[in-house]
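Chemist: Take a look at this one; I'll ask things after.
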Amino acid sequence: MTASATGVPPGEAGLPGPRPVKTRTRPAAALLEPAILRHALLRAFVKLDPRLMVKIPVMFVVEIGSVITTIEFFARPDLFVGLVTLWLWATVLFANFAEAVAEGRGKAQAARFGAAGRRRPPADCSRIAVPRWFCRLS
């Protein structure tokens, strides 16, 4: 016979009762915030600069290949070469965009943690009553 069949609530009969509902103490950050996406889209095109791309050798080679196929496509238009060119440019732009989004989210998280983690005293400690050691921390 179970506790619920006897009319005794589950918590009083030694059986585990219903679990309390978990609530978040702070709102979850949006995965893709519009401000970060706008900045990342701009940075994706800025990162096409070969001086920046040479730091990522694989994507630099893909970018060089996309430039070569673009020149080849405009010299002798062909459907296959055009599709390969589009695919290569999409790969380079998506990789740059993903990297820029990751950078933007990392900077936003660092700013959020930095603002919450340290509290600085006012610049002029002489006007308020605090210990001297507190004023020397800043």
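Chemist: Hey, can you tell me all the residues within segment 68-80 that are buried (at least 16 other Cβ atoms within 10 Å of the Cβ) and hydrophobic (A, V, I, L, M, F, W, C)? Step through it out loud before you land on a result.
Modeler: From segment 68-80, those buried (at least 16 other Cβ atoms within 10 Å of the Cβ) are 69-70, 73; that's our starting set.
The one that is buried (at least 16 other Cβ atoms within 10 Å of the Cβ) and hydrophobic (A, V, I, L, M, F, W, C): F73.
Chemist: I'd like to verify a number: residues in segment 88-106 that are within 8 Å of the chain's Cα centre (by Cα) and charged (D, E, K, R), how many? Give the steps one after another, and end with the answer.
Modeler: Keep residues of segment 88-106 that are within 8 Å of the chain's Cα centre (by Cα), which gives 101-106.
From what's left, charged (D, E, K, R): 103, 105.
Matching residues across segment 88-106 total 2.
Chemist: If you don't mind, there's one more thing I want to ask. Only one residue in F45, F113, F134, F60 is out of contact with any Lys or Arg (no Cβ under 8 Å at 6 or more places or on another chain) and at pLDDT 95 or above, so which one is that?
Modeler: Values: F45 fails: at pLDDT 95 or above; F113 fails: at pLDDT 95 or above; F134 fails: at pLDDT 95 or above.
Selected residue: F60, the only one of F45, F113, F134, F60 that is out of contact with any Lys or Arg (no Cβ under 8 Å at 6 or more places or on another chain) and at pLDDT 95 or above.
Chemist: If I ask for residues that are modelled with pLDDT under 75 and either under 23 Å from the mean Cα position of the chain (by Cα) or closer than 30 Å to T91 by Cα (or both), which ones from segment 6-42 would you list?
Modeler: Matches in segment 6-42: R24, T25, R26, P27, A28, A29, A30, L31, L32.
Chemist: Right, next: Run C125 past the list (1) under 30 Å from A35 (Cβ atoms); (2) surrounded by 14 or more Cβ atoms within 10 Å (Cβ to Cβ); (3) modelled with pLDDT under 80 and report the number of the one that doesn't hold.
Modeler: (1)
Chemist: Quick check on L83: is it exposed (fewer than 15 other Cβ atoms within 10 Å of the Cβ) and modelled with pLDDT of 95 or more?
Modeler: On the way: exposed (fewer than 15 other Cβ atoms within 10 Å of the Cβ): yes; modelled with pLDDT of 95 or more: yes.
Judged against the criteria, L83 is a match.
The values are calculated or read from the model by the stated rules, or taken from the named source; none is laboratory data. Keep in mind it's a predicted model, so treat the numbers as computed, not measured. With ideal geometry, Cβ positions are generated from the backbone for all residues, glycine too; neighbour counts draw on all protein chains shown.
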